[in-house]
Structures are given as structure tokens and as C-alpha cells.
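All remarks here apply to the structure that follows.
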Amino acid sequence: MEPGRPVAAVLFDLDGVLTDTSEAHYLAWQRLADEEGLSFDRAANEALRGLSRAESLAVLLAGHPVPAPQRADLMERKNRYYRESLEHRPPRLLPGAQAAVEAAARRGLRTAVVSSSRNTGHILALLGIAERFDHVSDGRAVPNAKPAPDLFLHAAAALRVPIGRCLVVEDAASGVAAALAAGARVVGIGPEERVGAAHQRFDSMAEFDLEAAVKPKL
Ligand code: G6P
Ligand code: MG
């Protein structure tokens, strides 16, 4: 963040910030891991937050040599489990998420959704909030996923706002790292051990306070 320059845009992550799909992602990976006899649990899943589907699979396989076509099948299967689970239990906005987006718009800030997920368009449509944002950068927009800074830089460029005047809201260690590398001001949502590297942290979106987050820092 550039000192003295006010925040002009808020870049919201999707899974775990705007919506509760993190659990559905976890359950789909757990099912795949169980079927494939791979060791995986809820704690291990924390490291997958924010990573692309391909990167997540690489972590899950933990160095097991698996040929590309088989990797593609595994990713396709995980995505099928994920999408099917959304049919049984549609995604919901997290408490505080809608208020945060509305507060940003009321303050005249530009808004974007910035997510590694290739399902971003589908999830926003299910939530019925796609129209609320000025821009969406998803997992298809750039070749290098989080923790690379590229996705946030892509969104800032699309909004025509310097990244130093963007506030990023993230629940993943990889997302916080990506946003810091990009040069944004970063708010972490979640526990210290996961998002402690952010400039500021709230336990959940229900606690998120836009006014406190955009206040000029000394
Ligand atoms: C987000 C989620 C991850 C997910 C990734 C890719 O970053 O936090 O859990 O693996 O998107 O999602 P996709 O929908 O493309 O598989
Ligand atoms: Mg997330």
C-alpha cells in the first residue's frame, strides 16, 4: 500500500470470504483422497485454501508420480463431486459478506471478485450477486495462480486502479501472500496462524469493518 494514498477499490476473494464453499471444496477433496487411498484431513486442507485445482492436486499427491492424463481425470472427478454437492446444498453468502460489498459501493469504491476458482462465474450466478461487482478475475484469467501476484494485478488493471490503492480481502495464506507480493493493502479473514501475514486481520467476515480497514495507516 502506498502511504497517504486512499483506498479506491476492494478486491474480494470468493471461497471463504464471500461464500461458504470452502467446506464443499474440502469435502470433495476428502472424498477423492479416500477413494485413492491418499492421506488427507481437514488440517491438511488448510494449505489448499486459495490454490488452483492443479496445485491442490499436486499437494494432495505429495510427490507421487502421476501421469498428466490421470491427473486430469482426478481433477475432473473432484470438480464433479464439488459441483454435485452444490446441487444438494447451494452456496450461501457468509454473514457480513453482503454488508461489506454494500459498504464498499456506498463509499464509492470500485469492487471486484478475485478468485483462483474456475467455478467463480457459476458460484456468483448461484448466489445471485454477479451484478454487484465492477469486475471479476477468476482462475482462467492468468496462467500463474495465487500465491503469484498476477491475479490481483489483473483485477487492478481491469478496474484501472493502481494496486497500491486496492484493499484485498482474503482467507487463504496463499491469497494473502499473493496480495502482498502484488503490493496491495491486505485484510486477512481467519486465524492468525493462517492469515497473520496480512496488514490487518478479522476472525470472520461478520467482524470485518470496512471503515477500520480503509483508515489511513501511519
Ligand atoms: C479457490 C478455493 C480452493 C479451490 C480453488 C480452485 O481458491 O479456495 O479451495 O481449490 O479456488 O477452484 P476450482 O473451482 O477451480 O476447482
Ligand atoms: Mg478463499
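In the set Arg165, Arg132, Arg106, Arg185, only one residue is within 30 Å of Pro90 (Cβ to Cβ) and touching a residue at least 12 places away in the same chain (Cβ under 8 Å); that residue is Arg132. For the subset of the stretch 99-129 comprising residues that are within 16 Å of ligand 1 (Cβ to nearest atom) and small (Gly, Ala, Ser), which member is most open to solvent (accessible area, probe 1.4 Å)? Filtering first and then ranking leaves Ala125.
Would you check if Asp138 is over 28 Å from Leu57 (Cβ atoms) and either outside the structural domain of Ala100 (by TED's automatic domain parsing) or modelled with pLDDT of 95 or more (or both)? Spelling it out, it is not the case that Asp138 is over 28 Å from Leu57 (Cβ atoms) and either outside the structural domain of Ala100 (by TED's automatic domain parsing) or modelled with pLDDT of 95 or more (or both).
For the stretch 170-218, enumerate the residues that are charged (D, E, K, R), open to solvent by 10 Å² or more (accessible area, probe 1.4 Å) and within 13 Å of Gly50 (Cβ to Cβ). Arg194 - this is the single residue of the stretch 170-218 that is charged (D, E, K, R), open to solvent by 10 Å² or more (accessible area, probe 1.4 Å) and within 13 Å of Gly50 (Cβ to Cβ).
The values are calculated or read from the model by the stated rules, or taken from the named source; none is laboratory data. Keep in mind it's a predicted model, so treat the numbers as computed, not measured. Here Cβ is always computed from backbone atoms with ideal geometry, including for glycine, and neighbour counts include all displayed protein chains. Just so you know, the surface numbers come from the protein's heavy atoms only, side chains and all, with ligands and any DNA or RNA stripped out. Shrake-Rupley method; radii C 1.70, N 1.55, O 1.52, S 1.80 Å.
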